[in-house]
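The values are calculated or read from the model by the stated rules, or taken from the named source; none is laboratory data. Only a predicted model underlies this, so the values are computations on that prediction, with no experimental measurement involved. Cβ: placed from backbone, ideal geometry, glycine included. Neighbour counts: every protein chain shown. Calculation scope for accessible area: heavy atoms of the full protein, side chains included, ligands and nucleic acids excluded. Shrake-Rupley method; radii C 1.70, N 1.55, O 1.52, S 1.80 Å.
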Amino acid sequence: MAATRSSEFGDLVQIKKQLISVIAQCKERGLVHSVKWASELAFSLDPLPLNEIPPSPELTEEDAQDLDALCLAKSYFDLKEYDRAAYFLRGCRSQKAYFLYMYSRYLSGEKKKDDETVDSLGPLEKGQVRNEALRELRVELSKKHSAGELDGFALYLYGVVLRKLDLLKEAVEIFVAATHALPLHWGSWLELCNLITNIEMLKSLSLPDCWVRDFFMAHMYTELQMIKEALQNSGNRILFASKTWTPSPTCCMCGMKPELSYLAHNLVEIDKYRVETCCVIGNYYSLRSQHEKAALYFQRALKLNPRCLGAWTLMGHEYMEMKNTSAAIQAYRHAIEVNKRDYRAWYGLGQTYEILKMPFYSLYYYRKAHQLRPNDSRMLVALGECYEKLSQQVEAKKCYWRAYSVGDVERMALLKLAKLHEQLNESDDAAQCYIIYIQDIFSCGEQLEHAEVSTALRYLGQYYFKNKLYDEATKSRVISIVTCQTRLLIAFQAREEGKALLRQISAVREQGEPSSTDLSLPCVFNPLSNNTTPVRRVSPLDLSSVTP
């Protein structure tokens, strides 16, 4: 069954026929997720007239001989009696029967693996139990593959077996072959997606030129955080969006307890034994700081689906809240096994080892997270903090400045950079950073209600006083006093320091000492302009010259 080329995407009738055919083939083989994917696409297209509906494929002589056994085995397969299904398919010679025979053996091994995992171990140790049938399946499928007797579905199963055995390089080759043999089977594309780690690897693959490839490339670009390319490749996918509705992934609604509670209650009424329901309830308990209950529901989600990436990562966060660092590390590592491109798991491992005061390990994991999210200021700030702990101040300054350059979402990069300059006695650079920080705060119209703003103003007041800029020092101190009056914890100290500095400035002025005008620093209180704001927006990909 040949797929339509990408350049012929407008032939929706032909695409509809192809989808109807692949739905029937996947349904006969028990590939329910591929059936769901193709059915959603087919539903989004206009119905075909009766004379346009593709006929069922003709049965071969082998199919006719295996028909009774296949029907009986498929009934057992649908009831999840995989051993019985495999028993009645022994000796069958058709491609369809052979795939269902091997697939039944594989799923039987997976079921036994899950059954052998006792509840007392919990999902964290689930990876220690192996599917005993994998090695036998690999040997048999390898012989068939060498003889060229595997069709697209059997190649897909062979790739899954290789991936389970951690033979990733061979698995990639088999999945690529499966996409060529059967381009419309989405399962092969999805398995291949999980094995691609970077854009260079993606470009090196020889993939079939068909319309399914557009979906695959858009999915891969999204996974690799290449959003612009993903949007460009998503243009053709809009053709299918008229009737389908895809629920958004379950996420933690920060601070939205009533809405999350309402959603959780509704999901429990619909189906309380779904992975999504368990994750929503876990998020709800996490917001209520009931971390033990939250971890329990994430464990339930993992019992239902051990490859649920979000549940592994969220459970790692809960163990971090409970100060159980060893369990958190295990959870994050399982998340990385499911998807090596999950930056949250890499970042969580960095945080865990930072708590354990192992900065070299933290640096490694933060670098991994930064590679996946190069424009995320949080990763850069975390890297800077690690470099500081390792006494690599030059690298730390680069990371902080670059975090500000790409857009500091937490508004911490400039403050940390200024404090680092203070520690290194680089007072001019520290003042420059504080000035940019204050100017950004004023330009955004934010209220000066936190201690960091007061710290910046206090430093600038002292800096201007030392450099005999008494007018600027006075303004800094007055604003610092007003700001600190809103925070009781630091109000007394800030007011007293400010008043003391104001008295010193008054005494100096009474002695007739003039204010210096030699220092070429922008006034922090002037309206912002392009001429006075020393902001350099560097390229996120350039780390060669970013020190302010």
Among the residues listed as D209, D166, the single one being open to solvent by 30 Å² or more (accessible area, probe 1.4 Å) and touching a residue at least 60 places away in the same chain (Cβ under 8 Å):
D209
Can you tell me which residue is least open to solvent (accessible area, probe 1.4 Å) among those in the range 327-378 that are of a type in the set (D, E, K, R) and under 20 Å from F298 (Cβ atoms)?
D342
Do you know which residues across the range 266-298 are closer than 13 Å to E321 by Cα and touching an Asp or Glu at 6+ places or on another chain (Cβ under 7 Å)?
S286, H291, A294, A295
Give the residue that is modelled with the highest pLDDT, with candidates limited to residues of the range 88-121 that are part of a loop (DSSP other than H, G, I, E, B) and polar (S, T, N, Q).
S94
Could you check how many residues of the range 276-307 are open to solvent by 30 Å² or more (accessible area, probe 1.4 Å) and under 22 Å from E337 (Cα atoms)?
10
One residue is enough: does the range 99-110 have a residue meeting the conditions aliphatic (A, V, I, L, M), crowded, with 17+ Cβ neighbours inside 10 Å, farther than 17 Å from L137 by Cβ and out of contact with any Ser or Thr (no Cβ under 9 Å at 6 or more places or on another chain)?
no
Listed residues T197, T179, T222; which is open to solvent by 20 Å² or more (accessible area, probe 1.4 Å) and part of a helix (DSSP H, G or I)?
T222
Restricting to the range 247-275, and then to whatever is open to solvent by 100 Å² or more (accessible area, probe 1.4 Å) and in a loop (DSSP other than H, G, I, E, B), can you tell me which residue is modelled with the lowest pLDDT?
P249
Can you confirm whether R341 is among the charged types (D, E, K, R), at pLDDT 90 or above and either closer than 26 Å to E191 by Cβ or assigned to a helix (DSSP H, G or I) (or both)?
no
Among H334, H370, which is the only one that is part of a helix (DSSP H, G or I) and closer than 29 Å to Q432 by Cα?
H370
